[in-house]
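Reviewing the structure listed below.
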Amino acid sequence: MKKLILTMLAAAMFSIPAAASASDEVDVAKFSCREVLESESEEDLSYLFIWIDGYMSAASGNTKISDSWMEKLGTHIGEFCSENPDKTIMDAMKAMPAD
């Protein structure tokens, strides 16, 4: 578990300069499912999923991270985006089951 978290944090840290150099900022509220599905960068996806986890954790007050949660999140985002490529990541997050 600790290794997973460290790997995710390292990926995020290394992708920050890449994302910043590609553009000044990314408005995640406008980031489409199609963009997620077409992304070929594991670093960018890792960065995005860490942001999504943090955003959702802040909204729910959950301070825990687990392998099962990240798997559930990834599965949900993948399925939602496959079925709704023109929706946004924010739409996918809002449709996340509360379970």
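Data table
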{"item": "Leading residue by the ranking (surrounded by the fewest Cβ atoms within 10 Å (Cβ to Cβ)) among those in segment 39-67 that are over 20 Å from S82 (Cβ atoms) and polar (S, T, N, Q)", "result": "T63"}
{"item": "Residue check for D91: assigned to a helix (DSSP H, G or I), without any contact (Cβ under 8 Å) to a residue 40 or more places away in the chain and not polar (S, T, N, Q)", "result": "no"}
{"item": "Tally of residues being over 16 Å from E35 (Cβ atoms) and part of a helix (DSSP H, G or I) across segment 48-73", "result": "16"}
{"item": "Meets criteria (among the charged types (D, E, K, R), in contact with a strand residue (DSSP E or B) (Cβ under 7 Å, 6 or more places away or on another chain) and in contact (Cβ under 8 Å) with a residue 24 or more places away in the chain) for D67", "result": "no"}
{"item": "Matching residues in segment 15-38 - criterion: being surrounded by 13 or more Cβ atoms within 10 Å (Cβ to Cβ) and either modelled with pLDDT under 90 or not polar (S, T, N, Q) (or both)", "result": "S15, A19, V26, V28, F31, C33, R34, E35, V36"}
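The values are calculated or read from the model by the stated rules, or taken from the named source; none is laboratory data. Fair warning: this is a prediction, and the values are worked out from it, not measured in the lab. Quick reminder, even Gly has a Cβ in these numbers, built from the backbone with ideal geometry, and neighbours come from all protein chains shown.
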